[in-house]
Amino acid sequence: MNPMSTVRLKPGHVQPVWVGHPWIYAQAVDGIDGTVRGGDEVRVLDPHGNLLGRGFYSPGSAIPVRLLVRDDSTPLDAAFFRARIERALASRRTLELPSAETTGFRLVNAEGDGLSGLIVDQYADVLAVQFGTVGMKRHEDDVLEALEAIVKPRAIIDRTSARTAKSEGFSPSGGVVRGGPVEALEFRERGFSFRIPMALGQKTGFYFDQRPLRARIELLARHSPRVLDAYAFVGAFAMAAVRGGAQEVVAVEESAAAVEVGTACARENGVADHIEFVRDDVRRVFAAHQADFDLVIADPPRLAPTRSTRAQALIAYSKLAENACRATRPGGHVVLCSCSAAVDLESLTRALATGAVRANADATVIERWFQGPDHPVPAAFAEGLYLKGIVARIEAR
């Protein structure tokens, strides 16, 4: 590692970084002084030579540097990682996480916890980690040792995606990296019990970011006898709706494994009699139901993984909104979500409005939701607010 290597920014690209944005985009880089390789620590300077911060270098990435500190003295060593993880855990404790009712949550949320390139989710006594940069991967031992010392988990598993690892130039460890074998992720959320086999991989294993919206769905279901949960995964929204008062929930998911796990979870939680899990394409299910549901939840997988796919994704969101509105009874509600950072709330709302008009309906937004508080976001980092959810009342035009 060459700690003296520096990344110089072009004029006009300093202000976002100065106010706290943690990413250095490739187009902002004017030049690099010194020899640097993937994962090395670098200093980032403005055009006048003033220090903006330090982070790890990712060659070939659209984000070659993600800042971790803003000074020139804090060592990026084992003590640094331990201190940041301790701070993250202290923050979660102020949210009463973990608790008897909820043992699954996000422990470290990358930039939101000052550890850009690192995600840690806690599943009761098992931790799942994702290394998003080659620099963070090079400090894997420091991270794992800190987690073992602070959390004392039974096991730690690596759920880094192969795509991310390849783009950063490293090989993911995969599977258990500390502790004993793990067959399934077992945890509780708001009193519900979940058991998700390791083979069923979504993110680190579950969508903790939607916990607040699931609680809201439970309340909406008091006045929603019939509910459609599109893109249901293992049926977390569906189970919340039943506990809230829904009499019949149709949970649609294309994955046979997810349907099997969701059915088992519903049975374990005593709500299986009110949920019909359907393995099918959501579009076919929408086409078969017109004004049949009091509440329709449309929470698709990420449709715009990059800015270049944003325009196409907005067309898809508009069509999804149209189908959801057609399936909703007048006076009912549609919940439309996007987990794509490239799609802002205004654009998603416009897609809902367009879809509603095509369905000959009026959509009135009554609530807006974002990722839960265990997914914090720096004030200067708009990209970190990736999850948006709109709750709208639907009426016939």
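Overview of results
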{"item": "The chain: angle of helix 78-94 to the longest principal axis, Cα-based, in degrees nearest 10", "result": "30 degrees"}
{"item": "Fewest-first ranking of ILE63, ILE315, ILE156, using other Cβ atoms within 10 Å as the exposure measure", "result": "ILE315, ILE63, ILE156"}
{"item": "Relative contact order of segment 207-396, pairs being alpha-carbon contacts under 8 Å that are 6 or more residues apart, as %", "result": "20 percent"}
{"item": "Per-peptide average of other Cβ atoms within 10 Å, ordering 12-23, 240-251 highest first", "result": "240-251, 12-23"}
{"item": "Whether segment 228-320 is rounded, prolate or oblate, judged on the alpha carbon gyration tensor where a/c under 1.5 counts as rounded", "result": "prolate"}
{"item": "Segment 167-274 - share of DSSP beta bridges that are antiparallel (%, nearest 5)", "result": "60 percent"}
{"item": "Cα-based helix-to-principal-axis angle, 310-326 vs the chain, degrees rounded to 10", "result": "20 degrees"}
{"item": "Label selected from [x] 81, 54, 37; [y] 65, 48, 34; [z] 69, 47, 35, the criterion being Cα extents along the principal axes in Å as computed here", "result": "[y]"}
{"item": "Helical mean residue ellipticity (222 nm; -39500 (n - 2.57) per DSSP H run of 4+; nearest 500) of the chain", "result": "-8500 deg cm²/dmol"}
{"item": "Set of aspartates and glutamates with alpha-carbon distance to LYS388 below 19 Å, sequence-local pairs under 8 removed", "result": "GLU111, ASP209, GLU218, ASP229, ASP299, GLU322, ASP344, GLU346, GLU367, ASP374"}
{"item": "Cα gyration tensor, segment 279-381 - rounded (a/c under 1.5), prolate or oblate", "result": "prolate"}
{"item": "Residue exposure sequence - THR74, THR102 - by fewest surrounding Cβ within 10 Å", "result": "THR74, THR102"}
{"item": "Net charge of Cβ neighbours under 10 Å - reference ASP72; Lys, Arg +1; Asp, Glu -1", "result": "+2"}
{"item": "Separation between Cα centres of segment 285-312 and segment 344-385, rounded to whole Å", "result": "13 Å"}
{"item": "Between segment 61-111 and segment 206-231, the Cα center-to-center distance that results, in Å", "result": "29 Å"}
{"item": "Beta bridges per DSSP with both ends in segment 78-189, % antiparallel, nearest 5", "result": "80 percent"}
{"item": "Percent RCO, i.e. relative contact order, over segment 78-189, from Cα pairs under 8 Å lying at least 6 residues apart", "result": "25 percent"}
{"item": "Sorted by Cβ neighbour density within 10 Å, fewest at the top, the residues SER224, SER99", "result": "SER99, SER224"}
{"item": "Amide H contacts under 5 Å for GLY332, placed H, 5+ residues apart", "result": "ILE394"}
{"item": "Segment 309-397, relative contact order in percent, only Cα pairs under 8 angstrom and at least six apart counted", "result": "41 percent"}
{"item": "Fluctuation leader among GLU189, GLU276, GLU96 - the chain, Gaussian network, Cα springs under 10 angstrom", "result": "GLU96"}
{"item": "Prolate/oblate/rounded call for segment 109-251, Cα gyration tensor, a/c under 1.5 rounded", "result": "prolate"}
{"item": "Principal-axis tilt of helix 140-151 within the chain, Cα atoms, nearest 10 degrees", "result": "60 degrees"}
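Read-outs throughout are calculated quantities, based only on the coordinates presented, and are distinct from any laboratory measurement. None of the values given here were measured: they were computed from a predicted structure. All Cβ positions, glycine included, derive from the backbone under ideal geometry; neighbour counts span all protein chains shown.
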